[in-house]
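Everything on this sheet refers to the single structure shown next.
The values are calculated or read from the model by the stated rules, or taken from the named source; none is laboratory data. Everything numeric in this text was worked out from a predicted model, so none of it was measured. Neighbour counts are summed over all protein chains in view; Cβ atoms, including those assigned to glycine, are modelled from backbone coordinates with ideal geometry. Just the protein is used for accessible areas: all its heavy atoms, side chains included, with ligands, DNA and RNA removed. Shrake-Rupley method; radii C 1.70, N 1.55, O 1.52, S 1.80 Å.
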Amino acid sequence: MTTTINKAPVDAVPPEPPKDERRRFGLKAARAGGQHHAGPIAYAILIVFTLVSIFPLFWTAIAASRDNARLAETPPPFWFGANLFDKIEVAWSDANLGEAFLNTTIVAGVSSLTIVFLSTIAGFAFAKLRFKGRNALMLIVIGTMMVPPQLQVIPLYMMVAKLDWTDQLQAVILPSLVSAFGVFFMRQYLLQALPDEIIEAARVDGASSWRVIWHVVFPAARPAMAVLGMLMFVQTWNDFLWPFLVLTQLGNPTVQVAVAGLGRGYTPDQALIMAGALLSTLPLLIVFAIFGKQIVGGIMQGAVKG
């Protein structure tokens, strides 16, 4: 007795979600490809979240264009005044922001590149290499993430003072050359994105460990490296506590140290401080506007590979 099995056609169209489900989430499904298109509810939610995200930057620009008396009034102003560009010019010259931007770019660039390079190598070792004590070392790395940064300030400052590095950029760069989060992040990514078969095939072809890293690991980890680099750049750019302790505004200030100097005096000019904060934020917005698409694409590419 033979049993006939009915096979579904290869080019069968996937079933559409129920109509009330699509209406609930504000989605409209295309009949041919099953692609979902945002409906009015989804657009409304996205617009609300966008406005909420933009409002702090918008308010910073408004406050930078007003004076202290107007900012203290109730209700506060919700539109620009006439002093925005004047305050920006004063903040740029008073805080020495030109030198501060250069110093912060050097610090953030060197730290980000080093963190990405070392974290990728260490993450590959923890993810794919077998050696004694691997799990114990990984637990130690994760454990360092639980130590509050404030506890590291005193021993670090004593070391910097002993080396006579106060008010020098290396005092800010060297403590930020490694990142436990970066090692953990790259390890988790490489566990899924880098198959063991590719490494074994490279070994069979006679590739050394460094050749495997350069020609196999780095290309596979490129999406995660881009994301980690952007996160570390933003974190280093916005770092305030440690640079404020070892640098001065008149020496080699970073952007955050320079902007903090605008708040001196018995009655700080709030508009001047807001103008400095606005200037310090603009480079990050420009960088993300240029490279944001590649970073998001890298995240999606990594998600598909994983």
Give me the 1.4 Å probe accessible area per residue for region 70-163, excluding ligands and nucleic acids, in Å². 63
Note down the magnitude of the dipole of region 50-161 about its Cα centre, charges +1 on Lys and Arg C-beta and -1 on Asp and Glu C-beta and zero elsewhere, to the nearest 20 debye. 960
Express the relative contact order of region 158-306 as a whole percentage, based on alpha carbon pairs under 8 Å and six or more residues apart in sequence. 30
Quick one: Karplus J couplings for region 131-145, per residue in order, coefficients 6.51, -1.76, 1.60, θ = phi - 60°, nearest Hz, x for Gly and Pro? 8, 5, x, 4, 5, 5, 5, 5, 5, 5, 4, 5, x, 5, 5
Starting from the residue with the highest accessible area, list Y266, Y43, Y189 in decreasing order, probe 1.4 Å. Y266, Y43, Y189
Per 10 Å bin, what percent of the C-alpha pairs of region 172-251 does each bin hold, from zero upward? 15, 36, 25, 15, 8, 2
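Ordered by packing density, taken as the mean number of other Cβ atoms within 10 Å over each peptide's residues, highest first, how do 275-282, 65-72 rank?
Result, highest mean Cβ count within 10 Å first: 275-282, 65-72.
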When only C-alpha pairs under 8 Å and at least 6 residues apart count, what is the relative contact order of region 185-269, in percent? 22
Assigned charges on the beta-carbon of Lys, Arg, Asp, Glu; region 142-213 dipole about Cα centre (debye): 140
Would you kindly calculate the translational diffusion coefficient of region 60-111, applying Stokes-Einstein with the Kirkwood radius from alpha carbon pairs, for 10 °C and a viscosity of 1.306 mPa s, and quote it in µm² s⁻¹ without decimals? 124
Whole-Hz Karplus couplings 3J(HN,Hα) for region 55-61, θ = phi - 60° and coefficients 6.51, -1.76, 1.60, Gly and Pro as x, run 4, x, 5, 5, 5, 4, 5
Accessible carbon and sulfur surface of region 43-84 relative to its total accessible area, %, 1.4 Å: 75
Can you tell me the accessible area per residue over region 201-289, all protein chains present, probe 1.4 angstrom, in square angstrom? 50
Using the charge dipole of region 182-267 (Lys, Arg: +1 at Cβ; Asp, Glu: -1 at Cβ; taken about the Cα centre), state which of I198, V183, W210 has its Cα farthest towards the positive end. V183
Region 125-268 - charge dipole about Cα centre, Lys and Arg +1 at Cβ, Asp and Glu -1, debye rounded to 20: 280
Label-point separation (nm) for W59 and R264, each offset 7 Å from Cα along Cα-to-Cβ? 2.9
On the accessible surface of region 143-294, probed at 1.4 Å with all protein chains in place, carbon and sulfur together account for a percent value of 67
